[in-house]
Amino acid sequence: MKRKFILIAVFVAVFSTAVIITSCDNLGTINSLIGGMKYSIQVTNRLGGRAVEAGDTVELYIRGLEYSEDAKPRALILIADGFRDQGSKGGILYNAGWYSVEADLKVTNDVNNGPYSTFFILISYIRVKGNVYKFPNEGAHESDGKMFGTHPRWGAYGYPDNFSGITVKNSTKSIKTILTVEPEILGTPNSDGYDDQGLATDPYAYIKIEGRLNE
């Protein structure tokens, strides 16, 4: 009887330890993928050149911004103007607005591990030295946004060299999205490649995107 009791006690102890280890692993994965990851955005500019000079504060009015997953038609959504759902953890997202040097974002996406080789962005305006320039169509609809990067199945989008992709892991703690605005985005009004505001007729071509992951 004593021996049977000892065996049962040992079994219970081993089973409890296994449950605790499994629970910790699951919680760690959940925290990493959903609740524990932080996001920030930084809009910067290359030094010098035309209407955008070194030290100028460049602001973008962003209505949509997200990393597109390779494996499935899902996305890591950072900014939206009511037209995107973050999934079961977030709901409809309304945080369109002016983004500049850095802004921390509270995002509760159903984030998935793996590569994100393409990037979507929808911009309405750019502001430099207090002057506001309107993007084509003002980003009036989600379809006015642009895709960057090269998808492994669908190939290159309009700006394959402007985004090199990211790979999210369990160990990823934060993602800092850096939007670099090149000075050639502004030029002489009504000159070749520029509209009557002096904004490039294809302003997205002068925006580079980098995702920096902190493991």
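If you filter segment 127-176 down to residues that are in a loop (DSSP other than H, G, I, E, B) and of a type in the set (Lys, Arg), you find that the one that is nearest to Asn214 (Cα to Cα) is Lys173.
Contact map, segment 189-215: residues that are free of Cβ contacts under 8 Å to residues at least 40 places away in the same chain paired with residues that are open to solvent by less than 20 Å² (accessible area, probe 1.4 Å) and small (Gly, Ala, Ser), Cβ distance under 7 Å, separation 6+ or inter-chain. Pairs shown: Pro189/Gly198; Gly193/Ala200; Tyr194/Ala200; Tyr206/Ala200. Please find, within segment 76-107, the residue that is farthest from the chain's Cα centre (by Cα) out of those that are open to solvent by less than 20 Å² (accessible area, probe 1.4 Å) and among the aliphatic types (A, V, I, L, M). Checking each candidate, the answer is Leu93. The residue that is nearest to the chain's Cα centre (by Cα), counting only those in segment 130-162 that are open to solvent by 60 Å² or more (accessible area, probe 1.4 Å) and within 21 Å of Ile178 (Cβ to Cβ), is Lys146.
How about segment 181-215: which of its residues are small (Gly, Ala, Ser) and either closer than 24 Å to Gln42 by Cα or surrounded by 15 or more Cβ atoms within 10 Å (Cβ to Cβ) (or both)? Within segment 181-215, Gly187, Gly198, Ala200, Ala205, Gly211 meet the criteria. Residues in segment 108-119 that are free of Cβ contacts under 8 Å to residues at least 60 places away in the same chain and either surrounded by fewer than 20 Cβ atoms within 10 Å (Cβ to Cβ) or farther than 13 Å from Ile209 by Cα (or both): Gly114, Pro115.
The values are calculated or read from the model by the stated rules, or taken from the named source; none is laboratory data. Note that this is a predicted model, so its numbers are computed, not measured. With ideal geometry, Cβ positions are generated from the backbone for all residues, glycine too; neighbour counts draw on all protein chains shown. Ligands, DNA and RNA are stripped out before the accessible areas are found, and what is left, the full protein with its side chains, is counted by its heavy atoms. Shrake-Rupley method; radii C 1.70, N 1.55, O 1.52, S 1.80 Å.
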